[in-house]
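Before any comments, here is the structure.
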Amino acid sequence: MIKEFSTLYIGHIDLENTGFSGTAVEDRRYSNERLIEAFDTTVELAQTMDVLGYDVLWLAEHHFQSEGYECIPNIPMLAVHVAHQTKRIKIGCAFNIAPTWHPLRLAEDYATAEVLTKGRIIFGVGRGYHTREVESFGNPMLDGDANRELFEEQIEIMLKAFNQESFSHSGKHYTIPPDVPYRGRPLKEITLVPRPIHLPVEIWQPIVSGGARGLDFMARHGIKGVISATAEQLVGRWTRDYQEAARRYGRELQLGEELILGYRMSIDDTVELAIRRARPYFEEHAKMMAPLGMLRYSEEHVQAVAARQPQSPTAATLENGIQNRSWLCGPAEEFITYLKEIEQKYPGLEHVMVSCPLGTPKARMKEQLTRFAKEVMPAFKNR
């Protein structure tokens with residue numbers, strides 16, 4: 001039964017001249033004064049959502065994007081600031097890009113933020129998709145299995161650091177602690193300081209290609225999954241595959257349990273008006289994300305995601321997104337009807353994420369979140 005609602009803000013600033021006919025991605029360049037507007041937008045969204053009864057504001061970590069699209073480099077640090085400006089809403093990491101961190105530094109930053117926010121930060125990790133970001137930190141964007149091996153070892157280190165009072169690790173990429181003397185004695189184990197107060201740490205990971213290896217890794221470590229802006233036929237398959245992967249490790253889940261389903265949204269008085277108002281931001285999102293291989297509106301798209309291959313920005317349309325239910329466009333009654341159907345289809349589902357696409361102005365995001373909270377959420381919260 002759906003009872004929690006959230007949104008994802010990936011850190012874009014207000015952009016002018018959006019859409020396919022607007023300014024090209026590579027031609028955008030903003031001053032530092034403009035880029036840091038993303039932090040004030042984060043606080044305003046969090047405060048709006050706090051009052052409206054949302055449960056989580058998810059934030060995305062990205063780096064070096066002077067084009068203004070994704071301008072939040074450190075979610076734990078920002079989460080502490082947001083927690084001081086709000087009362088109850090949680091701040092989710094969607095997602096910390098593990099290859100841009102040493103795993104112990106990420107574990108320390110998360111644990112510190114978890115203590116300072118009194119548990120209002122939610123941990124989430126991903127492998128990343130911007131080669132520029134990962135390689136600029138001196139960590140090569142390894143191909144295929146090598147990339148996965150690095151990521152998986154990093155997660156295993158962080159789980160040890162969170163859950164064990166002291167630990168050691170010897171793997172392909174990391175030896176922790178190194179074989180060095182400390183105060184005249186061999187150093188055998190170390191302790192994360194601080195460790196999170198709330199254990200075990202709830203960890204979320206994006207499901208972006210639905211591969212068997214990724215789902216098996218998540219199930220083995222009890223990691224929960226986010227399926228966002230994805231065609232509904234893929235959502236159905238991945239939801240069943242996630243359930244089956246958990247079963248292999250002795251965990252019987254209802255269909256949809258321990259998952260978040262996410263949708264892009266445009267809520268308005270009519271379908272036609274919702275589409276017209278959403279189109280320039282759908283197009284801006286597509287022209288930014290498609291060359292990175294990050295659209296999931298079809299089987300063909302997902303094959304490109306898995307292979308990290310670029311896609312055509314015009315290969316998908318907003319109408320196609322509405323048809324395959326990666327987008328919800330229309331009046332509140334249609335949102336409610338569809339989400340009630342989703343409840344029946346996935347009886348274990350508790351959490352839905354509704355988001356505006358990259359490029360949506362701050363005022364529009366706040367207006368959309370307000371309408372959804374007042375016109376849709378009561379049908380699920382008040383029962």
Inset, instruction - For the stretch 86-118, enumerate the residues that are modelled with pLDDT of 95 or more, among the polar types (S, T, N, Q) and either crowded, with 24+ Cβ neighbours inside 10 Å or farther than 17 Å from Gly225 by Cα (or both). - result: Thr86, Thr112, Thr117
Legend entry - Residues located in the stretch 77-116, provided they are in a helix (DSSP H, G or I), more than 20 Å from the chain's Cα centre (by Cα) and of a type in the set (Val, Ile, Thr): Thr112, Val115
Inset, instruction - State whether one or more residues within the stretch 310-332 are of a type in the set (Phe, Trp, Tyr), under 21 Å from Gln65 (Cβ atoms) and buried (at least 16 other Cβ atoms within 10 Å of the Cβ). - result: no
Inset, instruction - Check whether at least one residue in the stretch 246-256 is over 22 Å from Arg28 (Cβ atoms), buried (at least 22 other Cβ atoms within 10 Å of the Cβ) and not hydrophobic (A, V, I, L, M, F, W, C), and report yes or no. - result: yes
Legend entry - Every pair of residues 6+ apart whose Cβ atoms lie under 6 Å, when the first sits in the stretch 277-299 and is more than 13 Å from Phe20 (Cβ to Cβ) and touching a residue at least 24 places away in the same chain (Cβ under 8 Å) while the second is of a type in the set (D, E, K, R) and part of a loop (DSSP other than H, G, I, E, B): Gly293/Arg308
Legend entry - Residue list for the stretch 194-206, filter: in contact (Cβ under 8 Å) with a residue 40 or more places away in the chain and of a type outside the set (Lys, Arg): Pro194, Pro196, Ile197, His198, Val201, Glu202, Ile203, Trp204, Gln205, Pro206
Inset, instruction - Filter the stretch 1-30 down to residues that are free of Cβ contacts under 8 Å to residues at least 40 places away in the same chain and in contact with a Ser or Thr (Cβ under 9 Å, 6 or more places away or on another chain) and give me whichever is surrounded by the most Cβ atoms within 10 Å (Cβ to Cβ). - result: Tyr30
Legend entry - Matching residues in the stretch 153-167 - criterion: being more than 28 Å from the chain's Cα centre (by Cα) and surrounded by 14 or more Cβ atoms within 10 Å (Cβ to Cβ): Phe167
Legend entry - Number of the condition not met by Met288 [criteria: (1) crowded, with 18+ Cβ neighbours inside 10 Å; (2) closer than 30 Å to Gln254 by Cβ]: (2)
Legend entry - helices (runs of 4 or more DSSP H) completely within the stretch 263-370 that count 2 or more residues being touching a His at 6+ places or on another chain (Cβ under 7 Å): none
Legend entry - Tally, over the stretch 35-76, of residues that are assigned to a helix (DSSP H, G or I), farther than 24 Å from Asp109 by Cα and among the polar types (S, T, N, Q): 1
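The values are calculated or read from the model by the stated rules, or taken from the named source; none is laboratory data. Predicted, not measured: the structure shown is a model, and the values here were computed from it. Counting neighbours? That spans all protein chains shown, and the Cβs are built from the backbone with ideal geometry, glycine included.
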